[in-house]
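Structure, as structure tokens:
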Amino acid sequence: TFLDSQQAQYPLGTGRDFTWGSAVSLMGKNIAMIENTVGRCSGEGIHAGVHIRFGGGDGFAHIQVHNLTLRNNRIFDTWSGPLYISNVDADAGTPSIVEGNVIWMTGNTDYHYNGAGGYPQYGIGIGSESPRNDGNTAYGTNFFAGARNMILRNNVVSNALRPFILATEPGQDTTN
């Protein structure tokens, strides 16, 4: 159970700069997160394939997840998106699996950033926030695959402005 990650640090309407505080950040290979409860946090509930700023510098480190399983987790009341998947890759024959997760928001305005009325901008977000893989080096040169080769099934999202978003742009693949 992962609860109360930096909740009090971000009061709404103060105009203060903020730092992100995901409750769970997943990085690496062959990761399974099964039957956990995540909630009441200041950033994403679960963020897989993250970009992190180390040491206060201007650059980000982009860390990919390879072969991910997120199954039967419960995620609630997060300040950003409850489940955000970026830079997650898998082999085409053994895709990453996101299934049976339940995501809900209570409408508590302590837990929203881009949303309105206490609800987050999205419930499940799939995207690619890594440097581009098309030769454009504006954001670095690690050439990650983006978010690809995954199966999403039997997830339940309630009280999000958009239950699901899929983001892609040229050079940052979000495929399969």
- Message: What pairs come out if I take residues in the stretch 84-97 that are farther than 22 Å from His47 by Cβ and pair them with residues that are of a type outside the set (S, T, N, Q) and surrounded by fewer than 24 Cβ atoms within 10 Å (Cβ to Cβ) whose C-beta lies under 6 Å away, six or more apart or interchain?
- Response: none
- Item | Residue satisfying all of: in the stretch 22-58; assigned to a strand (DSSP E or B), at pLDDT below 85 and within 12 Å of Phe2 (Cβ to Cβ); least open to solvent (accessible area, probe 1.4 Å) among these | Cys41
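The values are calculated or read from the model by the stated rules, or taken from the named source; none is laboratory data. Computed from a predicted model, the values in this text were never measured in an experiment. Glycine also receives a Cβ, built like all others from the backbone with ideal geometry; neighbour counts cover every protein chain displayed. Ligands, DNA and RNA are excluded from the accessible area calculation, which covers all protein heavy atoms including side chains. Shrake-Rupley method; radii C 1.70, N 1.55, O 1.52, S 1.80 Å.
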